[in-house]
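Novice: Shown below is the structure under consideration.
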Amino acid sequence: MGLPPIEWKSVLTVFQQSRDMLSPRRSAQLGLLATCTLVLASVALLGWSASIPPHPEGVGQSAPSFTLQDTEGHPFTLPPSDGKIQVLYFWSIRQASCHEANKVMVELYGRLDRDKVRFLSIHAPTPDSADAVAVQAALVGMKFPILMDHNGDVSRQYHVVNLPAVCVIGPTGLVRLIGPVCPFGKDDAKTSPRQIETLVWQLVHESAATTGSTQALANASGQPK
């Protein structure tokens with residue numbers, strides 16, 4: 001909850017009325033006091049604004065590890081960090097907007113380098129069975145793992161509020177993006193598949209550059225590869 005805006009015009013009006021009732025000396029002292037008060041208030045507001053997190057909750061933090069079962073009942077554990085970029089796609093067969101998003105995410109998956117990127121889908125909790133989810137996924141050609149978040153624990157851990165949603169995890173295990181996906185056109189409040197792809201490739205290049213720099217330092221120091 002934010003602080004109420006300061007009505008500067010009202011503050012100045014009150015100050016003007018008070019100053020007119022005082023002697024010139026007291027008026028000058030009041031003017032100096034008012035100026036200092038306004039400056040301090042402005043600094044306080046700037047400090048408060050700077051304290052507001054610039055990113056959604058969870059971004060910049062280590063990705064929570066979890067274990068979920070896929071639609072066939074096999075357990076899958078998300079490693080905290082293994083050098084791969086990881087894309088978590090949250091969806092539900094009961095969410096109409098997810099039907100179109102599923103198609104564009106399948107297309108996105110087909111363009112990614114699977115040696116460098118792990119793509120997982122996480123089905124949000126519904127009364128539907130894993131078999132029903134698997135059938136819906138097969139209809140749109142989902143070939144990536146489909147994990148069942150029966151209790152919604154993982155969705156809550158990743159601060160997923162609206163579906164469809166995506167989380168992108170960097171190669172060091174830090175969350176780089178969390179937010180709803182916009183499969184239809186452009187929505188400034190949501191993330192487009194193109195933006196997701198751009199971020200993933202940026203992380204791939206960053207990882208390659210980091211690996212190259214580490215190897216160069218090792219070669220220069222004579223350490224084994």
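Novice: Length gain on complete extension for the stretch Asp128 to Asp187, per 0.36 nm per residue less the alpha carbon to alpha carbon distance?
Specialist: Gain on stretching Asp128 to Asp187: 18.3 nm.
Novice: If you don't mind, another one. His150 to Gln69: extension gain in nm, 0.36 nm per residue of separation minus the Cα-Cα distance?
Specialist: My answer for the length gained is 28.2 nm.
Novice: Related question: Quick check on packing: order 96-106, 143-153 by the mean number of other C-beta atoms within 10 Å, highest mean leading.
Specialist: 96-106, 143-153
Novice: Would you kindly calculate the translational diffusion coefficient of segment 84-126, applying Stokes-Einstein with the Kirkwood radius from alpha carbon pairs, for 20 °C and a viscosity of 1.002 mPa s, and quote it in µm² s⁻¹ without decimals?
Specialist: The estimated diffusion coefficient comes to 194 µm²/s.
Novice: Read phi for every residue in segment 144-154 and hand back ³J(HN,Hα) as whole Hz from Karplus 6.51 cos²θ - 1.76 cosθ + 1.60, θ = phi - 60°, with x for Gly and Pro.
Specialist: 9, x, 10, 9, 9, 8, 4, 8, x, 5, 5
Novice: Among residues other than Trp201 whose Cβ falls under 13 Å from its Cβ, what is the net charge (Lys/Arg +1, Asp/Glu -1)?
Specialist: Every neighbour counted, the sum reads +1.
Novice: Let me ask something additional. Would you list which aspartates and glutamates come within 19 Å of Lys116, measuring only between C-alpha atoms, while excluding same-chain residues fewer than 8 positions from it?
Specialist: Within the straight-line cut-off, Lys116 pairs with Asp82, Glu107, Glu197, Glu206.
Every number here is computed from the coordinates shown, using simple stated rules; none is lab data. Note that the coordinates shown come from a computational prediction; the quantities given were computed from them, not determined experimentally. Every residue, glycine among them, receives a Cβ derived from its backbone with ideal geometry; neighbour counts consider all protein chains shown.
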